[in-house]
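Encoded as structure tokens, the structure appears first; notes follow it.
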Amino acid sequence: MSKKSMIAWDTSLQPNYGTPRLNLARGKGAYLWSDQDEKYLDFLSGIATNALGHAHPSIIKAVSKQVKTLSHTSNLYSHPQVLELASRLQKLTGSDSARVFFCNSGAEANESALKLSRLTGRKKIISTVGAFHGRTIGSLSMTGQESKREPFEPLLGDMDFVPYGDLKALEKLISFKTAMVIVEPIQGENGVVVPPDGYLKGVRELCDRYDVLLTIDAVQTGIGRTGLWFGYEHEGITPDIITLAKGLGGGLPLGAMISFKEQFSPGQHGSTFGANPIVCAAANSLLNELEKHQYLERVTFLGEKLKKMIVEVSGVAEVRGRGLLLGIVLDGPYANEVALELEKARVLVNAPQANVIRIAPPFVITEGDIRKFVKKFEKALEAARGA
Ligand SMILES: *Cc1c(COP(=O)(O)O)cnc(C)c1O
């Protein structure tokens, strides 16, 4: 970012994100260009969001057509795009009883699940240590990360946190007073932490025992990111609520809360922009592309390939994750340095933990992009370890 842009940022925006190092001007596929016209390989996709990369022709076409036709209706009215999208999502869940509420972000989707859980007449919520569910007071209250919570306390009461992956701890806490258990299939923000096999199944069984709503926060893992539609299907479970955002809008802001049992009554919840026609058109176009070109199989294939290659790099302790959501665990706390070195080599990733690099490339990357990434990653890690 130029000195001038940096000053413009610092003197007009809230400092909550810090000052970014890059000012991005445009994108195409898996590549981004800065305002200095430097070309970057995007291995982060706007944090697991731009599944089809940047400026995908189908998304451009769908959005352009929709903005010319009808751009906003409010929820006093229906429109064709929302009907199509809700029915598509319902089909993907495999259940006719799925009912969708659309909003604009992951935090709002989880906020909606939280409100819905109150309608059970119970108040207690169980979440997991290290979880990330959003930044609004409700979703932050369910977020198991002390540094994010602490400045904003007191948050909502009746919240308990159990270690992620620990069924015994959950069994001790859960009761007929619990309204909802909320859990991510993979803790993305916490550094792509994968629970032991059978964990989600065990959580499901405990929720069934006490008639507790199970919410799967698939905001980061959903819409094909892990090679599955929502990130939990490999355990063969059915949640009571699924929350989505990030990848859902094809790069536009869209969130959804899908519930199978509990439902809001008229007037109990809403969002002015939720299910906006333009955003729904983008999502319909995205789902169309993903299905038509069998992208989920591609995600699985490319993810396996990446994993195999990265694990061989000296200095890598472990590669965890599924599909194209991977956490590269380093043998020391130099993830920030590696991310910086990669940025210098024109590759974008991020470091959610001191020893973890997260990659979430768009599904449109080629095997050539993968080889390029691994080569540059190897060099970056070498430089960071040597420093
Ligand atoms: C990003 C994320 C959220 C919050 O989504 P926003 O759109 O930033 O509000 C919630 N849950 C998970 C698992 C996420 O990764």
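Listed by first and then second residue, the pairs linking a residue in the range 179-192 that is more than 18 Å from LYS124 (Cα to Cα) and more than 9 Å from the ligand (Cβ to nearest atom) to a residue that is small (Gly, Ala, Ser) and outside any loop (DSSP other than H, G, I, E, B), with Cβ atoms under 8 Å apart and 6 or more places separating them unless they lie on different chains, are GLY191/GLY327; VAL192/GLY321; VAL192/GLY327.
Screening the candidates LEU302, LEU287 for the property of being closer than 19 Å to PRO57 by Cα, touching a residue at least 40 places away in the same chain (Cβ under 8 Å) and either of a type in the set (Lys, Arg) or away from the ligand (no atom under 16 Å from the Cβ) (or both) yields one hit, LEU287.
In the range 125-172, the qualifying residues are those that are among the acidic types (Asp, Glu) and closer than 27 Å to ARG209 by Cα, and the one that is surrounded by the fewest Cβ atoms within 10 Å (Cβ to Cβ) is ASP158. Scanning the range 152-168 for residues that are closer than 13 Å to VAL183 by Cβ and in a loop (DSSP other than H, G, I, E, B) yields PRO163, TYR164, GLY165, ASP166. Pairing each residue of the range 52-69 that is touching a residue at least 40 places away in the same chain (Cβ under 8 Å) and more than 15 Å from LYS28 (Cβ to Cβ) with any residue that is among the polar types (S, T, N, Q) and part of a helix (DSSP H, G or I), provided the two are 6+ apart or on different chains, yields C-beta distances under 7 Å for ALA62/ASN284; ALA62/SER285; GLN66/GLN81.
Identification of strands (runs of 3 or more DSSP E) wholly contained in the range 320-387 with 1 or more residues that are among the polar types (S, T, N, Q) and over 24 Å from GLY250 (Cβ atoms) yields 350-353.
Within the range 13-34, residues that are basic (Lys, Arg) sit with their Cβ atoms under 7 Å from residues that are part of a loop (DSSP other than H, G, I, E, B), at 6+ positions apart or across chains, in these pairs: ARG21/MET1; LYS28/ALA55. Of the residues contained in the range 106-121, none is found to be assigned to a strand (DSSP E or B) and either within 30 Å of LEU156 (Cα to Cα) or more than 16 Å from the ligand (Cβ to nearest atom) (or both). Of all the criteria given as (1) within 20 Å of the chain's Cα centre (by Cα); (2) more than 11 Å from the ligand (Cβ to nearest atom); (3) without any contact (Cβ under 8 Å) to a residue 24 or more places away in the chain, the one not satisfied by ASP166 is (1).
Could you grab me the full set of residues in the range 173-225 that are farther than 29 Å from LEU302 by Cβ, surrounded by fewer than 20 Cβ atoms within 10 Å (Cβ to Cβ) and among the charged types (D, E, K, R)? LYS177, GLU205, ASP208, ARG209, ASP211 - these are the residues of the range 173-225 that are farther than 29 Å from LEU302 by Cβ, surrounded by fewer than 20 Cβ atoms within 10 Å (Cβ to Cβ) and among the charged types (D, E, K, R).
Put simply, of SER34, SER117, SER64, SER71 the only residue that is closer than 19 Å to PHE260 by Cβ and of a type in the set (S, T, N, Q) is SER117. Applying the criterion of being on the phi > 0 side of the Ramachandran plot and assigned to a loop (DSSP other than H, G, I, E, B) to the residues of the range 40-93, the residue that is surrounded by the most Cβ atoms within 10 Å (Cβ to Cβ) is GLY53. For the range 240-260, the condition of being in contact with a Phe, Trp or Tyr (Cβ under 7 Å, 6 or more places away or on another chain), more than 16 Å from the ligand (Cβ to nearest atom) and more than 15 Å from ARG88 (Cα to Cα) holds for at least one residue.
No value in this document is a laboratory result; all are computed from the given coordinates. This structure is a prediction, so every number in the text was calculated from the model and none was measured. Note that each Cβ is placed from the backbone with ideal geometry, even for glycine, and that neighbours are counted across all protein chains shown.
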